[in-house]
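Worksheet for the structure shown next.
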């Protein structure tokens with residue numbers, strides 16, 4: 001386990017992805033994250049497919065402990081406030097106004113704990129014309145402009161994972177980390193507001209700057225065309241990617257690797273700017289060439305040339321990938337009761353050391369007894385929540 005945030009206690013009252021992702025990022029760094037869920041079935045993401053322990057829930061809730069509370073109950077609200085009094089950070093991703101209705105708003109909690117870092121995650125911000133709209137990942141991608149620069153305008157469709165949800169959670173964890181550093185100087189807590197639209201607009205800062213600086217409306221095909229990035233289909237139907245960027249040496253190496261001297265003589269492709277202007281034509285020519293060999297043959301051939309390339313790996317491909325294996329990217333899940341036996345480790349290494357295991361996402365109300373006992377003054381309970389986690393050196 002990583003230890004950068006040891007001794008930091010986080011109370012997370014998040015559902016689905018944004019709040020839980022923020023909590024997971026802090027937990028991955030060593031924070032003690034206590035996840036508060038509604039009594040009963042807990043976070044709705046638990047049953048995203050079936051049961052109460054979906055793979056989706058496992059993904060964003062590792063390294064946490066869970067307690068079920070009904071904040072409409074006086075007794076459970078008191079437990080909640082006791083947790084807040086001993087916490088460093090509180091995270092929620094309710095719709096604006098919902099926290100106040102259950103007594104979990106910033107004004108209430110900051111009186112209980114003036115040093116509290118309070119992070120509120122929303123779809124559109126705490127106020128404004130869209131504030132009360134329901135929002136999910138796809139809506140945030142669309143309204144922020146991000147989707148317009150990440151899809152093919154000819155065949156538009158949603159693809160891939162929940163980027164807006166996860167990116168917002170990561171931004172939230174960055175803001176929380178910064179607030180903790182500031183609190184170390186001032187001794188004062190702080191409220192953080194971050195919305196999905198703000199996170200995704202900042203994430204798309206490059207196309208925004210293209211619009212402001214050049215007056216051009218960016219589209220989803222601009223980046224690959226300007227960067228000279230290509231996806232081609234090989235003889236066996238598998239996909240292969242390469243990225244030439246702005247350096248002529250990569251074009252020269254590509255020409256040599258594919259035996260494409262005739263392409264280099266073609267006036268349409270003789271200079272980088274011409275290759276940009278004739279991107280679709282060059283893409284068609286390259287696909288015709290790559291269709292003559294299997295992907296494995298192209299991978300072997302490209303290994304001898306200075307071209308940024310990669311096969312487009314499936315998830316099973318990456319699990320067996322030698323670089324991923326060398327980096328020890330897949331680690332066991334400790335303390336599992338059900339669910340996956342291994343997962344992807346946190347991306348960080350500190351002083352050459354990375355996490356070599358993660359704790360399993362909790363089942364519903366799993367740690368209620370020990371957390372309640374700790375709050376009642378059991379001296380043996382908090383050390384388990386606050387234990388030092390020693391890092392293990394990465395394999396060389």
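Here is how the numbers come out for the structure above:
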{"read-out": "Condition met for residue 55 (buried (at least 19 other Cβ atoms within 10 Å of the Cβ) and over 14 Å from the mean Cα position of the chain (by Cα))", "value": "no"}
{"read-out": "Filter pass, residue 151 being surrounded by 14 or more Cβ atoms within 10 Å (Cβ to Cβ) and either part of a helix (DSSP H, G or I) or modelled with pLDDT of 95 or more (or both)", "value": "no"}
{"read-out": "Hey, residue 86 in contact with a helix residue (DSSP H, G or I) (Cβ under 6 Å, 6 or more places away or on another chain), in contact (Cβ under 8 Å) with a residue 60 or more places away in the chain and surrounded by fewer than 19 Cβ atoms within 10 Å (Cβ to Cβ) or not", "value": "no"}
{"read-out": "Residue list for the range 310-326, filter: touching a strand residue (DSSP E or B) at 6+ places or on another chain (Cβ under 8 Å) and either surrounded by 14 or more Cβ atoms within 10 Å (Cβ to Cβ) or not in a loop (DSSP other than H, G, I, E, B) (or both)", "value": "310, 311, 317, 319, 324"}
{"read-out": "Flag if residue 236 is free of Cβ contacts under 8 Å to residues at least 40 places away in the same chain, outside any strand (DSSP E or B) and at negative phi", "value": "no"}
{"read-out": "Qualifying residue in the range 160-180 (condition: assigned to a loop (DSSP other than H, G, I, E, B), modelled with pLDDT under 95 and in the same structural domain as residue 18 (by TED's automatic domain parsing))", "value": "yes"}
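The values are calculated or read from the model by the stated rules, or taken from the named source; none is laboratory data. Quick caveat, the model's predicted, so the values are computed rather than measured. As a convention, Cβ positions derive from the backbone with ideal geometry for all residues, glycine included, and neighbour counts pool all protein chains shown.
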